[in-house]
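First the structure, in the form of structure tokens, and then the observations on it.
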Amino acid sequence: EDILDTWFSSGLWPFSTLGWPEKTRELATFYPNNVLVTGPDILFFWVARMMMMGLYFLGKVPFRTVYLTSIITDENGAKMSKTKGNGIDPLDVVYGASLEQLLERIDTEKPPVDLDKLKTNVRRNFPRGVPPMGADALRFAFAALNTTGRIRLSVERVEKYRNFINKLWNASRFALMNLDGYDPERFEAQLSTPAGRAALGMPERWILSRLQVVVGEVDAALEAFRFNEAASALFHFVWDELCDWYIEIAKPHLYMSAELEQDTARNARRHVVQGVLATALETTMRLMHPFSPFVTEEIWQKLPKPPQLPGSLMITVFPRSDASWIEQTAEAEMRLLQEVAIACRMLKQTYGVSPAQSIDVELRVASAEQRQIVERHLAIIERAAKVAARISADTAAAAPPGSAKAVVGSGVDIVMPLGGLIDVAAEKSRIAKDIGKAEKEISVLERKLGNADFLARAPEDVVAEQRARLAEEQSRRARLADALATLSSGGMG
């Protein structure tokens, strides 16, 4: 009997769908195409046949680039399967499903396996069921986790990106609540002049510079199909720079009392901050739209924008980096302030001082240039770290007894007097226990990373994750050991 190859008609797909063998306008327009997206398991069955058929019938290859999607496994690297009870239905991730619903589904579908064993596996893998996380979080997670051609998917990993989407939503809500009186056309006109740009403060020049850097990073990553790098750049910018730093810096300028509304200079400064925040968010929505289309369209529709923009985010122009806004000086100044503030926070955490408690610190800055930067923007450090800082040029003076110390890599010594702030005996006991926990974790990680079988079998991203954890624990142990030595030196007892 005659047998027709199952993949025969699929091989004709690039041109048979366009009216071939007739010479149609669609065929002339869309053949050959640019990119084919497919799975690696049908590379020979489908892709090779399309190439051969295209060359044979039309004399041209149907596409020049083939992007192979990743294989999705469970968090342990095992293939997902309904019969194993480790499969995750994307719709459950989007809308949520309780454990009871997952178990009821087994009773309804009755797959041909041991149902009791299957239910046991489901209870073990999804004890809380699957919480609702939305399509935007799931899409972003797939892009971010796509590092090695194999996505190790778990509910916990998607939750990280649900939290990220929530962070973006809350930041946007805050901005929208504080953009009253903002005129996007006026701000756009201001930025078009050298004098208008010069009126921007250092934090504004910094965030606009970082915005243009991330635009370039995302654009380059997407051109090269490195979706995980684009997602990582967006995650870092939105969470670590826009939300954790710029919005916090902007808050005092956005909050305006009735008395301050009469202050012309304060009003002008507020309008600049509003404009920079709105601009950063609008560009971020365009960058993130391919990853998370629903939340970005919702936010973008509500943002005040220049009238020449189209009515929908999906038909706006994708951003291109403007190098004229990249300012290394502002980035270097902000990096110095961040390093000092983070070091102050870390000292408070190490010695058990509440993050919310404002305490005195001394910042010893040897470099006159850096000292001027710290003096000019001291309020940023004090607000970010909850400290009251005194600046000194004397880096050689002995620290007062009972002081915690840290050296910032950029050349700033931090001295934090702790007398009367902590229970020394209790903190020594706590730190000693934390050192023990760190050493135990280091021992476990060193054994794992010293296991040749683990290194040979584990995916690259898992090995890299374990190495990063080891480095983090080693750094924590060293920091805790220094703290214990300080508390045991006799100056605080």
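Of all the criteria given as (1) small (Gly, Ala, Ser); (2) at pLDDT 95 or above; (3) closer than 24 Å to GLU472 by Cβ, the one not satisfied by ALA379 is (3).
Just need a number here: residues in the stretch 330-376 that are among the hydroxyl-bearing types (Ser, Thr, Tyr) and within 22 Å of ARG476 (Cα to Cα).
Initially, the stretch 330-376 is screened for residues among the hydroxyl-bearing types (Ser, Thr, Tyr), giving 350-351, 354, 358, 367.
Retained after the next criterion (residues that are within 22 Å of ARG476 (Cα to Cα)): 350-351, 354.
Of the residues in the stretch 330-376, 3 are among the hydroxyl-bearing types (Ser, Thr, Tyr) and within 22 Å of ARG476 (Cα to Cα).
Checked against (1) within 28 Å of LEU337 (Cβ to Cβ); (2) of a type outside the set (Ser, Thr, Tyr); (3) surrounded by 19 or more Cβ atoms within 10 Å (Cβ to Cβ), ALA438 passes all but a single condition, namely (1). Of all the residues in the stretch 117-137, those that are modelled with pLDDT of 95 or more, buried (at least 20 other Cβ atoms within 10 Å of the Cβ) and of a type outside the set (Asp, Glu) number 3. The residues in the stretch 421-457 that are touching a residue at least 12 places away in the same chain (Cβ under 8 Å), more than 30 Å from VAL387 (Cα to Cα) and among the hydrophobic types (A, V, I, L, M, F, W, C) can be counted, and the count is 3. Remark: pairs (first residue in the stretch 195-207, surrounded by fewer than 20 Cβ atoms within 10 Å (Cβ to Cβ); second residue not aliphatic (A, V, I, L, M); Cβ separation under 6 Å; 6+ apart in sequence or on different chains) = GLY196/GLN190; MET202/GLU333.
Regarding LYS119, is this residue outside any helix (DSSP H, G or I), outside the structural domain of SER232 (by TED's automatic domain parsing) and more than 28 Å from PHE227 (Cα to Cα)?
Considered against the rule, which asks whether it is outside any helix (DSSP H, G or I), outside the structural domain of SER232 (by TED's automatic domain parsing) and more than 28 Å from PHE227 (Cα to Cα), LYS119 comes out as no.
Here is the figure for the stretch 343-355: residues that are of a type outside the set (Lys, Arg), in contact with a helix residue (DSSP H, G or I) (Cβ under 8 Å, 6 or more places away or on another chain) and without any contact (Cβ under 8 Å) to a residue 60 or more places away in the chain total 2.
Quick grid of which residues meet (1) among the hydroxyl-bearing types (Ser, Thr, Tyr); (2) crowded, with 18+ Cβ neighbours inside 10 Å:
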{"site": "ALA323", "(1), (2)": "no, no"}
{"site": "THR329", "(1), (2)": "yes, no"}
{"site": "LEU337", "(1), (2)": "no, yes"}
{"site": "CYS344", "(1), (2)": "no, yes"}
{"site": "TYR351", "(1), (2)": "yes, yes"}
{"site": "PRO355", "(1), (2)": "no, no"}
{"site": "GLU362", "(1), (2)": "no, yes"}
{"site": "SER367", "(1), (2)": "yes, no"}
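The values are calculated or read from the model by the stated rules, or taken from the named source; none is laboratory data. Since the structure is predicted, the reported quantities are computational estimates derived from the model, not experimental observations. Backbone-built Cβ (ideal geometry, glycine too); neighbour counts: all protein chains shown.
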